[in-house]
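Written out below as structure tokens is the structure these notes cover.
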Amino acid sequence: MDVGAVLIAVAGVGGTLGGALLTQRGTDRARRRELETTRVFEEARRHHELRRGCYTELHRDARQFATALSRHLYVVRDRTPEADDIRALEETKDTYRDRWSEALMIASDTVVPPAQDVNDALTAVYGQVKRLEQGNPRPGETLRAAAEAQHALWSLIDTMRQSMRTDLGVSARRPDPVTSDRGRLDAVRGDFDGAGEPRS
């Protein structure tokens, strides 16, 4: 038997096996990269969906809380609030508070500041409304002042909404303060001019 032929045969078999092994290792590496890319993409998609759901609910609940504050101001202006009136406001506030707590864990760093502005303003207006309801306002707190503060909530909510839309990639426009609707503010002021203090 020719030793050279055996060596060539061994080298051929070794090359074939080695090539198959290298091909398999390359395929395994490519598959691992593909799985990792898919995992990262799915994780990003899930996080985006989570943020979108959170933003939608926070926006809705902030608007409902602002609306409930407006309704309650009209109740305080017109009559002594009843248990149902108070309960409706408190339930709306509690729903918003829970949503705000959730948003703090999910919202991006660009959304938290305008959302914090909304939260601070809602909390301040709620405090004014409750003190007026209880007949214990602080100096300068009147129905008209509370109504103006409640009206100002809408531009803050609009700024928060735009920030959320930008963060989600729905809008390329950066949020900017929304100018208030002057005519609507004048109407709100008129509703509470001369309304007097809330009844005890």
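The values are calculated or read from the model by the stated rules, or taken from the named source; none is laboratory data. It should be emphasised that the depicted structure is a prediction, and the values quoted were computed from it without experimental measurement. Cβ placement follows ideal geometry from the backbone for every residue including glycine, while neighbour counts extend to all protein chains displayed. The area values use the complete protein model at the heavy-atom level, side chains included, leaving out ligands, DNA and RNA. Shrake-Rupley method; radii C 1.70, N 1.55, O 1.52, S 1.80 Å.
Side notes on the structure shown:
- Close contacts from segment 127-149, counting a first residue that is among the charged types (D, E, K, R) and a second that is assigned to a loop (DSSP other than H, G, I, E, B), with Cβ to Cβ under 8 Å and a gap of 6+ residues or different chains, come to 131/137; 131/138; 131/141; 133/81; 133/198; 144/193; 144/195.
- Residue satisfying condition, being open to solvent by 70 Å² or more (accessible area, probe 1.4 Å), in a helix (DSSP H, G or I), at pLDDT 95 or above and hydrophobic (A, V, I, L, M, F, W, C), within set 104, 21: 104
- When segment 141-150 is filtered for residues that are open to solvent by 20 Å² or more (accessible area, probe 1.4 Å) and assigned to a helix (DSSP H, G or I), the ones remaining, listed by number, are 144, 145, 148, 149.
- Any hit, segment 111-118, residues being within 20 Å of residue 47 (Cβ to Cβ), modelled with pLDDT of 95 or more and not in a helix (DSSP H, G or I): yes
- A residue that is surrounded by 12 or more Cβ atoms within 10 Å (Cβ to Cβ), more than 17 Å from residue 121 (Cα to Cα) and modelled with pLDDT under 65 can be found somewhere in segment 174-184.
Every residue, every condition in (1) over 14 Å from the mean Cα position of the chain (by Cα); (2) among the small types (Gly, Ala, Ser); (3) closer than 24 Å to residue 191 by Cα, yes or no:
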residue	(1), (2), (3)
59	no, no, no
71	yes, no, yes
75	yes, no, yes
78	yes, no, yes
107	no, yes, no
119	no, no, no
123	yes, no, yes
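- Residues in segment 87-101 that are of a type outside the set (A, V, I, L, M, F, W, C) and open to solvent by 30 Å² or more (accessible area, probe 1.4 Å): 87, 90, 91, 92, 93, 94, 95, 97, 98, 99, 101.
- Leading residue by the ranking (surrounded by the fewest Cβ atoms within 10 Å (Cβ to Cβ)) among those in segment 108-140 that are over 30 Å from residue 168 (Cβ atoms) and in contact with a helix residue (DSSP H, G or I) (Cβ under 6 Å, 6 or more places away or on another chain): 137
- Residue within segment 28-45 that is surrounded by 10 or more Cβ atoms within 10 Å (Cβ to Cβ), at pLDDT 75 or above and under 28 Å from residue 157 (Cβ atoms) present: yes
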